[in-house]
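Below is one structure; the comments refer to it alone.
We did not get these values from a lab; they are worked out from the coordinates using the rules stated. Only a predicted model underlies this, so the values are computations on that prediction, with no experimental measurement involved. Backbone-built Cβ (ideal geometry, glycine too); neighbour counts: all protein chains shown.
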Amino acid sequence: MLFLTEVIHQIYFIMAAVFALLLLRGLFKRNTRKTLIYDVVYAYSIIPFLLRALHIK
Amino acid sequence: MKNDNNVTYKIIILAIVLLLAFLGGREFYEIRHFKQSIVVSDSFTERFMLSDYSEGIKGTWADTPVYLYDSGEPGGSMLLLGGTHPYEPATMLAAYVAAENISVKKGKVYIIPAANYSAMTLGILGNAYPKYYTLDTEWGSKKFRIGDRNTNPLDQWPDPFTYVHYPSTQNLAYQDIRNLNRTYPGRPDGALTERVSYAIMELIRKENIDLYVDMHEASLMYPVVSTYVAHDRSLDICMMASMTLSAEQFPIKCEASPKSLRGLSHREVGDFSDTLAVLMETAEPFIDRVAGRITEELMITGKDEFLQTASEAGLLYCQPEYDINFGSPIHYRVGRHLSGTMEVIKWMNEFFPEKEIIVGFPLYADLMEKGAGYFLHDPEKADENKLFYN
């Protein structure tokens with residue numbers, strides 16, 4: 001059970017990293033909502049996922 | 001050409017965002033890695049980690065130092081806990097003041113200043129709470145961390161939809177699986193906070209701890225504020241302590257631990273060991289929902305005009321009645337905890353002479369006269385064998 005708990009816990013960090021990468025890709029390559037304000041939204045949204053993936057917050 | 005411009009803008013925006021992430025992340029990193037100095041008293045015997053009693057927390061952020069003061073004279077033993085909820089910092093400060101000044105003449109005293117160490121490594125979510133507070137001492141100022149209520153999500157995540165308490169199977173709020181005072185008696189292979197509870201239980205059982213004191217702080221609108229909460233076996237000593245303190249020093253209520261409310265230390269620690277389990281609450285305006293600006297000053301002084309209004313409307317439960325001219329300063333709350341602890345020791349000695357502990361540390365009158373900073377020692381002048389970092 002301890003092992004499974006740890007695996008599930010680590011999956012959340014991996015998920016955070018994956019979401020950060022998806023947002024990064026969306027920042028540079030997307031087909032809709034191409035205005036500058038959406039660039040800001042995509043970039044800003046990376047912060048929480050980045051901090052979680054780095055075990056900071 | 002337009003595409004090149006777009007990419008340039010995106011890179012500039014990303015750079016700005018990464019700078020913001022760095023600035024914010026640095027603060028989070030600092031509070032997670034902040035270390036608190038502690039200069040132990042002459043009665044100090046040994047420092048070890050809680051994981052010595054249960055491997056399940058070894059190498060995790062939940063493992064926490066335990067300070068042992070053994071007189072060498074046979075007698076009783078007690079465990080004093082601060083920081084079960086680190087956002088109640090007078091509990092940790094009381095443990096530091098005790099650890100730095102305690103003298104033990106008979107029996108043994110174990111002190112855990114930060115029972116939920118992981119919860120101490122992040123700030124409180126929301127409401128723009130400050131992360132630290134600073135106390136003036138005889139040798140300068142000393143900074144203390146204000147932690148959160150529950151275990152850091154970096155160390156225990158995800159929360160379940162419903163937290164099913166072990167072993168009662170009672171359903172509790174989902175976030176309480178990270179609340180050390182809802183996970184007793186714990187289990188060795190459960191969630192991290194359950195493993196911390198289990199390690200504390202193992203310490204109590206293996207060391208035959210006679211008296212367990214868990215210090216807390218409460219909002220003034222919480223009915224159990226300014227109160228002892230006693231397990232069935234410790235009810236007599238707490239009633240006597242409550243009456244004595246109320247007559248001689250400061251009013252403090254006493255309540256019996258509810259049998260149907262599971263996971264709390266005053267219930268489970270008593271049920272799953274032979275110890276006399278006691279929980280204490282002081283009044284902490286900082287965490288009241290109706291308080292105004294949540295500032296470091298509020299943490300230190302406890303003065304808030306909204307609470308004064310609530311008091312005049314009869315909405316508060318603290319004793320004595322809240323008065324903004326005095327507030328609820330941190331040295332007062334520390335003093336209450338230390339005298340509250342001393343009084344239950346005194347009455348345990350009366351009721352159970354075979355468990356006698358003879359101990360001394362600063363009390364309510366000392367704290368009220370000199371403040372809390374007076375009792376904290378300069379780490380730069382300390383003997384290196386007595387200096388530790390928590």
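Key figures
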quantity	calculated
Where labels lie 7 Å past Cα in the beta-carbon direction, separation of A:THR32 and B:ARG47 in nm	5.8 nm
Relative contact order of segment B:65-141, pairs being alpha-carbon contacts under 8 Å that are 6 or more residues apart, as %	38 percent
Dipole magnitude (debye, nearest 20) for chain B, charges at Cβ of Lys, Arg, Asp, Glu	1020 debye
Interatomic Cα distance distribution for chain A, bins of 5 angstrom, percent	4, 20, 23, 17, 13, 10, 6, 4, 2, 1
C-alpha center-to-center spacing [segment B:349-384, segment A:1-45] in angstrom	51 Å
Contour minus Cα-Cα distance for B:PHE352 and B:ILE12 (0.36 nm per residue)	115.2 nm
Relative exposure of B:VAL17, B:VAL229, judged by other C-beta atoms within 10 Å (fewest first)	B:VAL17, B:VAL229
Exposure proxy ranking, count of Cβ atoms within 10 Å, fewest first, for B:CYS318, B:CYS254, B:CYS238	B:CYS254, B:CYS318, B:CYS238
Acute angle (nearest 10 degrees) that the helix B:192-206 long axis makes with the longest principal axis of chain B, alpha-carbon atoms	20 degrees
Relative contact order, percent, chain B [alpha-carbon distance under 8 Å, six or more residues apart]	20 percent
Whichever aspartates and glutamates have a C-alpha closer than 13 Å to that of B:LYS142, once near sequence neighbours (fewer than 8 apart) are set aside	B:ASP378, B:GLU380
Gaussian network model of chain B, springs between alpha carbon atoms under 10 Å - residue of B:GLY340, B:GLY56, B:GLY292 with greatest fluctuation	B:GLY292
Quotient of C-alpha Rg and 2.2 N^0.38 Å, computed over segment B:250-345	1.25
Helix B:2-33 vs. chain B, principal-axis angle (Cα, 0 to 90°, nearest 10)	10 degrees
Angle between chain B longest axis and helix B:89-101 axis [Cα atoms, degrees, rounded to 10]	60 degrees
Label-reachable residues, segment A:25-57, where backbone N falls under 20 Å from a point 7 Å from B:GLN175's Cα toward its Cβ	A:48-49, A:52, A:56-57
Pairwise label distance in nanometres, B:THR309 with B:GLU30, each label 7 Å out on the Cα-Cβ vector	3.4 nm
Which of B:SER246, B:SER77, B:SER257 has the fewest Cβ neighbours within 10 Å, and the rest in rising order	B:SER246, B:SER77, B:SER257
Set of aspartates and glutamates near A:LYS29 by C-alpha distance (under 15 Å), chain-local residues within fewer than 8 positions excluded	A:ASP39, B:ASP4
Among B:THR301, B:THR84, B:THR341, residue whose mean-square fluctuation peaks in a GNM of chain B (springs only between Cα atoms under 10 Å)	B:THR301
Linear extension gain, B:ASN208 paired with B:LEU19, 0.36 nm per residue minus alpha-carbon span	62.7 nm
Long-range HN-HN contacts of B:TYR132 with modeled amide H, under 5 Å	B:ILE146
Segment B:329-390 - Rg over Rh from alpha carbon coordinates, Kirkwood radius	1.09
C-alpha center-to-center spacing [segment B:178-209, segment B:123-160] in angstrom	22 Å
Gaussian network model of chain B, springs between alpha carbon atoms under 10 Å - residue of B:LEU50, B:LEU180, B:LEU125 with greatest fluctuation	B:LEU125
Distance between segment B:27-77 and segment B:248-280 - C-alpha centres, whole angstrom	23 Å
